[in-house]
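S.K.: This is the structure, below, for whatever I ask next.
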Amino acid sequence: MADFIYEICLLPRPQALTFSDYLNLKGISAQAKASSGALWVVCVSSSDDVYKAKLEFAQYVQEPFAKKYTDASWKLGKRVKAQKEIKSRLFNTLSLDPFSLTSIIEIICVVFFIGQMLFERQMLELFSLTQFIHLNEPWNLYRLFTPCFLHFGITHIAFNLVMWEALARPIERYFGKKRLFALVVGVAILSNILQLVFLEPNTIFGGLSGVVYGVIGYAGVLSLQKRLALNLVPPGLLAVSAIFIVLGFLMADGISNFCHLGGLLAGMLLGFYDYTHIDKIVKK
């Protein structure tokens, strides 16, 4: 727990509470405490905030009943309530809900994988994207999306689903099924098109990894949004993912490097957009 040891000012109790709430709303951790006599002391928890708090106080004494101060307590209460609701959703006990989009994607991947084991040639002919001629007819446009469900080996699908489960479910709980659906479809289509542009002849690609990289990019950007109650991804995962993509281009064959790159960039772009529209996209 923070120790509020740096005193900023003395005020009557109502004004001290209001000014303290205003400082917290501005991102300065503050607390009002009873002092000697009728006055209360407003303190901050960090020496780095002392100067900023004193500047705010200098403005406060000029117009202590301004609307921005009188509304501070109400706005701060609304923010705290929103953060508590988000945390509650994040730790919802129905984490393995089979009807969640996260679980539905996982189930589809497993069904496709079983289908490939039983009818590999037919599955690849029906759902892969190997040349632009596939897109000449409107009914073939589904191929822009379906390669993300194709996997080649148990290690391939297991790694992708573990990463998907860890990263996609918190996004679904934070922002809802519709937001995750838009993210998945947008990232899958963009990353698959980029991979197709650079695809070698007679080559088939597939896997959820492009979408996983997109989720990493999206969550990594939104984790910088201070108004969210929790980080969506471990610190540094976005940078590590970018490093692995670079290493993939330099060292590895048989990896859908352009799909990974396209997924990461598409996810980051969507993340930057939602970062600036956070009030509209937080799940109601």
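S.K.: Determine the distance separating the Cα centre of the stretch 111-131 from the Cα centre of the stretch 161-238; give it in Å without decimals.
M.R.: The stretch 111-131 and the stretch 161-238 have Cα centres separated by 23 Å.
S.K.: Would any residue of the stretch 189-213 have its amide N under 20 Å from a label point 7 Å out along Cα→Cβ of Leu124? List them or say none.
M.R.: Counting backbone N atoms under 20 Å from the label point, the list is 192-193, 195-210.
S.K.: Could I ask something else about it? Relative contact order for the stretch 6-70: what is it in percent, counting Cα pairs under 8 Å that are at least 6 residues apart? Mind showing how you got there, number by number?
M.R.: Working: 91 pairs, mean separation 24.7, N = 65.
It rounds to 38 percent for the stretch 6-70.
S.K.: Could you work out the relative contact order of the stretch 101-281? I mean the mean sequence separation of Cα pairs under 8 Å and 6+ apart, divided by the number of residues, in percent. Don't jump to the answer; show the numbers that get you there.
M.R.: Working: 238 pairs, mean separation 46.3, N = 181.
Normalised by residue count, the contact order of the stretch 101-281 is 26 percent.
S.K.: Mind checking the dipole of the stretch 101-281: about its Cα centre, +1 per Lys or Arg Cβ, -1 per Asp or Glu Cβ, Debye to the nearest 20?
M.R.: Using only the charged Cβ atoms, the result is roughly 640 debye.
S.K.: Considering the options Ala58, Trp40, Thr70, tell which one lies farthest towards the positive end of the dipole of the stretch 6-70, charges being +1 on Lys and Arg and -1 on Asp and Glu at the Cβ, about the Cα centre.
M.R.: Of the options given, the answer is Thr70.
S.K.: A further question follows. Placing +1 on the Cβ of each Lys and Arg and -1 on the Cβ of each Asp and Glu in the stretch 101-281, which of Ile189, His277, Ala242 has its Cα farthest towards the positive end of the resulting dipole?
M.R.: About the Cα centre, the residue reaching furthest to the positive side is His277.
S.K.: Where a Cα-Cα gap under 14 Å defines reach, which aspartates and glutamates qualify for Lys67, not counting those fewer than 8 residues away within the same chain?
M.R.: Asp21
S.K.: Still on this model: Sort Leu10, Leu144, Leu232 by Cβ crowding within 10 Å, fewest neighbours at the top.
M.R.: Leu10, Leu144, Leu232
S.K.: Convert each backbone phi in the stretch 139-152 into a coupling constant with the Karplus relation 6.51 cos²θ - 1.76 cosθ + 1.60 (shift: θ = phi - 60°), then list the ³J(HN,Hα) values in order as whole Hz, x for Gly and Pro.
M.R.: 6, 8, 5, 4, 5, 5, 10, 5, x, 5, 8, 8, 9, 10
S.K.: Something else now. Order these by the 10 Å Cβ neighbour count, fewest first: Tyr60, Tyr142.
M.R.: Tyr142, Tyr60
S.K.: List every residue whose amide H lies under 5 Å from the amide H of Ala30, counting only residues 5 or more places away in sequence or on a different chain, with H placed 1.01 Å from N in the peptide plane.
M.R.: Correct list: Asn24.
Read-outs: derived from the displayed coordinates by stated rules, not from any lab. All of these numbers come straight from a predicted model, not from anything done at the bench. Note that we place each Cβ from the backbone using ideal geometry, even for glycine, and neighbour counts take in every protein chain shown.
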